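The values are calculated or read from the model by the stated rules, or taken from the named source; none is laboratory data. Just so it is clear, the structure is predicted and the values come from calculations on it, not from any experiment. Methodologically, a virtual Cβ is constructed for each residue, glycine included, from the backbone with ideal geometry; neighbour enumeration extends over all protein chains shown. Only protein heavy atoms, including side chains, enter the accessible area calculation; ligands, DNA and RNA are left aside. Shrake-Rupley method; radii C 1.70, N 1.55, O 1.52, S 1.80 Å.
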Amino acid sequence: MYRIFNTPEQAAQFTAQLLHEFITQRPDGVLGLATGGTMEPVYAHLIERLKQHNTPLEQLTTFNLDEYVGLSRSHPQSYYHYMQEHLFAHLPSCPDSINLPNGCATDLEQECRRYTAAIRSHGGLDLQLLGVGSNGQIGFNEPHTAFNSITHVVELSEQTRLDNGRFFDNFEEVPTQAITMGIQDIMQAKQIVLVVTGAHKAHTVLDFFNSPVCESMPASCLKDHPNFLLVMDQAAAQLVSPELLSTLA
Ligand code: F6R
């Protein structure tokens, strides 16, 4: 299924409402979270709603998709820091169980196994929130990542480092590795919501619709998920014809 909104703000508001409904209905649910520019307005609206309704969050469990290798939690560009800055520090109460991969673990391979095992020990993800990179990447799963992958260490592509470079003082500071949930971890979520906004993502959205389900376009796997919702604004959806859109109806 898909939804198109006139503005990115409306897409963010809708997504925040959906997340809030999920948290209200499943106070002990397992929520998969993402970082990135797309999510900033989503989290801002979610904070507003959570405050307005004084929604209890103690029983909620969250798992973030990914984290850079080598950045400490206090580094301003670590995803741990991002989540504090854009969500957790502003909540009326905090989930008891907040999980992100530890990009500073001494044994990264063991950290990856631990992370997938932790997701599974919570019964898997109930809802996974996703953004998409310009090359179709979800989490840090770059093109050609195996669809049966679980949490793993990735070498970041030049494109992804360039895309994310805007958050760093200079390109050299952008980490070259990250830990990411695998495609299989993501696909095992019971529900998936992908949010894509902005004209700069219009070609990515077109590629997503045109691509067969194949590993060269990581996000294409989502087309096979039984409970997948694509939330877009007009700008992101502008290149997709009504016929193509209807393939996801
Ligand atoms: C974030 C993540 C990435 C981003 C994607 C889009 O945790 O894993 O896949 O969702 O790179 O980023 P923005 O929203 O900044 O365009």
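One table, with the values for the structure above:
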| read-out | value |
| --- | --- |
| Along each principal axis, Cα extent of segment 154-247, largest first, Å | 43, 30, 20 |
| Of all accessible heavy-atom area on segment 103-175, the percent that carbon and sulfur account for (1.4 Å) | 51 |
| Alpha-carbon centroid distance for the pair segment 81-128 / segment 182-239, whole angstrom | 23 |
| Antiparallel bridge percentage (DSSP; both residues within the chain; nearest 5) | 25 |
| Neighbour net charge for Pro41 - beta-carbon separation under 15 angstrom, K R +1, D E -1 | -3 |
| Computed over the chain: relative contact order in percent, which uses C-alpha pairs under 8 Å that are six or more apart | 24 |
| Per residue accessible area in Å² of the chain, where ligands, DNA and RNA are left out and the probe is 1.4 Å | 43 |
| For the chain, projected area of the alpha-carbon convex hull averaged over all directions, nm² | 12.2 |
| Gain on full stretching of the segment that runs from Gln110 to Leu245 - 0.36 nm per residue minus C-alpha separation | 44.5 nm |
| Backbone N under 18 Å from the His90 label point (7 Å along Cα→Cβ), restricted to segment 40-66 | 40-57 |
| Mean Cα-pair separation over length for segment 125-180, i.e. relative contact order, pairs under 8 Å, 6 or more apart, % | 34 |
| 15 Å beta-carbon shell around Pro8, net charge (K/R +1, D/E -1) | -1 |
| Viscosity 1.002 mPa s, 20 °C: Kirkwood-radius Stokes-Einstein D of segment 24-172 over Cα pairs, µm²/s | 131 |
| For segment 12-83: relative contact order, % (alpha-carbon pairs under 8 angstrom, 6 or more apart) | 36 |
| Largest-first ellipsoid semi-axes for segment 1-64, taking √(5λ) over the Cα gyration tensor eigenvalues, angstrom | 20, 13, 11 |
